[in-house]
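J.: Here it is: the structure, laid out below.
Every number in this text was worked out from the coordinates using simple rules, so none of it is lab data. Keep in mind it's a predicted model, so treat the numbers as computed, not measured. When we count neighbours, we look across all protein chains shown, and the Cβ atoms used for this are built from the backbone with ideal geometry, even at glycine.
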Amino acid sequence: MSDAPIRFAVVGLGYWGPNLVRNINELPGAEAAVVCDLRPEALETITRRYPAVRGTTSFTDVLSDPTIDAVVIATPVSKHHPMAAAALRAGKHVFVEKPLAASSEEAADLIGLAERLDLVLMPGHTFLYSPPVMMIRELIASGELGEIYFISTSRVNLGLHQSDVSVAWDLGPHDFSILRYWLGETPSHASALSRGCIIPSIPDVAFINLEFPSGTVAHVELSWLAPSKLRRTTVVGSRKMVVYDDTSSEPVRVFDSGAVLPNPETFGEYKLTYRTGDILSPRVEVAEPLYREIEDFCTAIRTGGVPRSSAELGMEVVRMIEAVDASLDAGGARIGISAPARVAA
Ligand SMILES: NC(=O)c1ccc[n+]([C@@H]2O[C@H](COP(=O)([O-])OP(=O)(O)OC[C@H]3O[C@@H](n4cnc5c(N)ncnc54)[C@H](O)[C@@H]3O)[C@@H](O)[C@H]2O)c1
C-alpha cells in the first residue's frame, strides 16, 4: 500500500462513533473521509465539526465509493455481521466495534471472508490499548505477581441500557478481552447468574464465574444499574497483588502482600505467615486507548500484520459470552468451553 493517508468511512454516529471519527482525524496517515448514519441530525453534527467529511445516510453509497480503504462499524451489535460482511465483500478493510459479532458462527464467517479476501478484520477491544491494562499484562507476564490465583472485577454504573443486547454482550467484551490478554488463555468453564431488573427480557445485571486451564479463577460483575461508577479489578497472585481502578488518578497499585504456609506439616495449626509490604503506585503513561487502537489497525493495513485486538481474540470473546448465555439458559449451570482456537499473543 502507498504512503497516502488511509481513507476511512465511519458508520454509526451514536454514542461511540464520534469518538472514532475524532481519533481517526487526529492520527497522521489516516483520514475520516465519509461518515454514515441513518439519522441526518447525527451526520449534521459531525459534518459541521469536520467540514471536509462527507455525510451520507446510505451504507450502499459507502461501499460503492472506490476512494474508501477502510470501514469502521459502530452500529448496534445485531448489525455488526451483515455490515462487516458487506464491507469486506466490497474490498474494504474492516474495524468493527466490540463484540465482533452476535454469535461465533457470524464471527467465523467474517474471519473466513477476511482471510479469503486478504483484508484486515479487527474488533474494537479498546482496553487492550489502555496503558494500565498493558502495564498489568507486563506485571503478570514477567512473573512479578507470581502464580495468578484469582481475578475479581466490577464494571458497574447507571446506564446506558441497550435495546438489542444484554449487559453481558455490552460490557462483558471489555473484561473478557482484558482477561484473555492478561492470562493468554481462554476459560475452560463459565457459569452465570443474571436478572433483567428494568426490562425483564434484557438482563441488566450479571455475576459471571470463569475458570481457566491454568487454575486461575475469575469473577466478573457487570451492571447498568448501580449508584456509582466502578471500574475496579483485583488481581491476586502468589507473590503480589494489584488493584486496577480505571476511574482513579492512580489506576494501578501493586501490593507486596500475601500469605504463605511456611511448613505444610503445620497446616492443622494454621500457622500461616501474612505479609503486608509496600504499596507501589507506578507512573502510568497517559494515552488515549482509542487512538492507539486505530493506529494498530492502520499498521495492520499497511504491513499485513495481525493487530493486538485480533479477529481471533474477538472470536474467543464471543465464545465466552455464548457460554455465559448457555449457563443462564441452564439455570446457572457450569458450562464447558471447548478447546480454544489458536490466538496470537
Ligand atoms: N469500544 C468501546 O469502548 C465502546 C464503547 C461504547 C460502545 N461501543 C460499541 O459501539 C457500537 C455502537 O454503540 P453505541 O452505544 O454508539 O450505539 P448507539 O445506539 O448510540 O449508536 C448506533 C448508531 O448506529 C446508527 N445506525 C444503525 N443502523 C445503521 C445503518 N444501517 N446505517 C447507518 N447507521 C446506522 C444509529 O442511527 C445510531 O446513531 C456497539 O457495538 C458498542 O458495543 C464500544
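J.: I want to check a number: in the chain, how many lysine pairs have alpha carbons closer than 23 Å, given a sequence separation of 8 or more or different chains? Intermediate results must be reported in sequence, preceding the final value.
T.: Details: K79/K92; K79/K98; K98/K229; K240/K271.
Lysine pair count for the chain: 4.
J.: Do you know the relative contact order of the chain, to the nearest whole percent, from alpha carbon pairs under 8 angstrom that are 6+ apart? Intermediate values should be presented prior to the final figure.
T.: On the way: 735 pairs, mean separation 60.9, N = 345.
RCO, the chain: 18 percent.
J.: Suppose every K and R has +1 on its Cβ and every D and E has -1 on its Cβ; what is the size of the dipole of the chain about the Cα centre, in Debye to the nearest 20?
T.: Details: 30 positive and 42 negative charges, 68 e Å.
It works out to roughly 320 debye.
J.: If you rank V286, V77, V71, V217 by fewest surrounding Cβ atoms within 10 Å, what's the result? Display every interim value, and only then the final one.
T.: Working: V286 6, V77 20, V71 26, V217 15.
Fewest to most other Cβ atoms nearby, the residues stand as V286, V217, V77, V71.
J.: Using Cβ contacts closer than 10 Å as the measure, can you line up T56, T153 from fewest to most?
T.: On the way: T56 17, T153 21.
Arranged by neighbour count, lowest to highest, T56, T153 become T56, T153.
J.: Between T273 and D3, how many nm apart are label points set 7 Å from Cα along the C-beta direction?
T.: For the pair T273/D3, the computed spacing is 6.0 nm.
J.: Ordered by residue, what ³J(HN,Hα) values in Hz, to whole numbers, does segment 83-88 give under the Karplus form 6.51 cos²θ - 1.76 cosθ + 1.60, where θ = phi - 60° and Gly and Pro are x?
T.: Once rounded to whole Hz, the list reads 6, 5, 5, 5, 5, 4.
J.: Please list 3J(HN,Hα) in residue order for segment 116-131, calculated via the Karplus relation 6.51 cos²θ - 1.76 cosθ + 1.60 where θ = phi - 60°; whole Hz, with x for glycine and proline.
T.: Per-residue couplings from phi come out as 4, 8, 6, 10, 7, 10, 9, x, x, 8, 4, 5, 5, 10, 7, x Hz.
J.: Comparing A30, A259, A168, which has the greatest mean-square fluctuation in the GNM of the chain with Cα pairs linked when under 10 Å apart?
T.: Checking each option, the largest mean-square fluctuation is seen for A259.
J.: If I stretch the segment between R116 and R239 completely, what's the gain in nm (0.36 nm per residue apart, minus their alpha carbon distance), one decimal? Working shown, then result.
T.: Details: separation 123, 0.36 × 123 = 44.28 nm, distance 4.58 nm.
Contour length minus the Cα-Cα distance gives 39.7 nm.
J.: When N counts the residues of segment 156-245, how does its alpha-carbon radius of gyration compare numerically with 2.2 N^0.38 Å, as a ratio?
T.: Numbers: Rg = 13.9 Å, N = 90, 2.2 N^0.38 = 12.2 Å.
Computed over Cα atoms of segment 156-245, the ratio equals 1.14.
J.: As an exercise, use a Förster radius of 25 Å and the Cβ-Cβ distance of N25 and K229 to find the FRET efficiency, rounded to the nearest 0.05. Before the final figure, lay out each step's value.
T.: Numbers: r = 28 Å, r/R0 = 1.12.
Efficiency, rounded to the nearest 0.05: 0.35.
J.: Right, something else. Which three semi-axes in whole Å describe the equivalent ellipsoid of the chain, each the square root of 5 times a Cα gyration tensor eigenvalue, listed largest first? Could the numbers behind the result be given before it?
T.: Numbers: eigenvalues 286, 97, 75 Å².
Semi-axis lengths for the chain are 38, 22, 19 Å.
J.: Pulled fully out, how much extra length does the chain show between A330 and E185, if you take 0.36 nm times their separation in residues and subtract their Cα-Cα distance? Let's see the in-between values first.
T.: Details: separation 145, 0.36 × 145 = 52.20 nm, distance 2.47 nm.
Stretched fully, the A330-E185 segment lengthens by 49.7 nm.
J.: Among DSSP bridges having both ends in the chain, what percentage is antiparallel? Round to the nearest 5. Walk me through the intermediate numbers first.
T.: On the way: 39 of 67 bridges.
Looking only at bridges with both residues in the chain, the antiparallel portion is about 60 percent.
J.: If I model a spin label at R137 and D256 as a point 7 Å from the Cα along the Cα→Cβ vector, what separation in nanometres do I get?
T.: It is 2.7 nm.
J.: Remind me, relative contact order of segment 1-121 in percent, using alpha carbon pairs under 8 angstrom and six or more residues apart? Working shown, then result.
T.: Values: 210 pairs, mean separation 27.2, N = 121.
Computed value for segment 1-121: 22 percent relative contact order.
J.: Shifting gears a bit: What is the helix-to-structure angle for 289-303, meaning the angle in degrees between its Cα long axis and the longest Cα principal axis of the chain, kept from 0 to 90 and rounded to the nearest 10?
T.: With rounding to tens, the tilt is 60 degrees.
J.: Report the normalised scattering of segment 202-343 as log10 I(q)/I(0) at q = 0.14 Å⁻¹, calculated by the Debye formula with identical scatterers on the alpha carbons.
T.: Debye intensities relative to I(0), on a log10 scale: -1.08.
J.: Gap in Å between the Cα centre of segment 1-44 and the Cα centre of segment 186-219?
T.: That distance is 34 Å.
J.: Right, another one. Ignoring GluC sites (Glu not before Pro) that are buried or in helix or strand per DSSP, and keeping those with at most 15 other beta carbon atoms within 10 Å, what is the longest stretch of the chain between them? The partial results should precede the final answer.
T.: Values: sites that count: E144, E147, E185, E285.
The reported range is 1-143.
J.: May I ask for the angle, rounded to the nearest 10°, between helix 172-183 and the longest principal axis of the chain, with both axes built from Cα atoms and the value confined to 0 to 90°?
T.: On a 0 to 90 degree scale, this one is about 60.
J.: Could you state the orientation-averaged shadow area of the convex hull built on the Cα atoms of segment 46-188, in nm² to one decimal? Mind showing how you got there, number by number?
T.: Values: hull surface 46.4 nm².
Over all viewing directions, segment 46-188 projects a mean Cα-hull area of 11.6 nm².
J.: Which part of segment 286-300 falls in the paramagnetic zone of R49, meaning amide N under 17 Å from the point 7 Å along Cα-to-beta-carbon?
T.: Residues 288-292, 294 fall inside that zone.
J.: Now, a different point. Would you please give the residues with an amide H less than 5 Å from that of M122, counting only those at least 5 places away or on a separate chain, with H modeled from the backbone geometry?
T.: Correct list: V94, F95, V96.
J.: While we're here: Please list the non-local residues whose amide H lies under 5 Å from the amide H of S310, H modeled 1.01 Å from N, same-chain partners needing a gap of 5 or more.
T.: Result for S310 returns nothing.
J.: Quick one: angle between helix 40-49 and the longest Cα principal axis of the chain, in degrees between 0 and 90, rounded to 10, please.
T.: 90 degrees
J.: A follow-up question, please. Please work out how much length the chain gains when fully extended from E147 to T67, using 0.36 nm per residue of separation minus the C-alpha to C-alpha distance, in nm with one decimal.
T.: Values: separation 80, 0.36 × 80 = 28.80 nm, distance 5.04 nm.
Contour length minus the Cα-Cα distance gives 23.8 nm.
J.: Sequence-distant or interchain residues sharing an amide H contact under 5 Å with G237, placed H: which?
T.: Y149, V242
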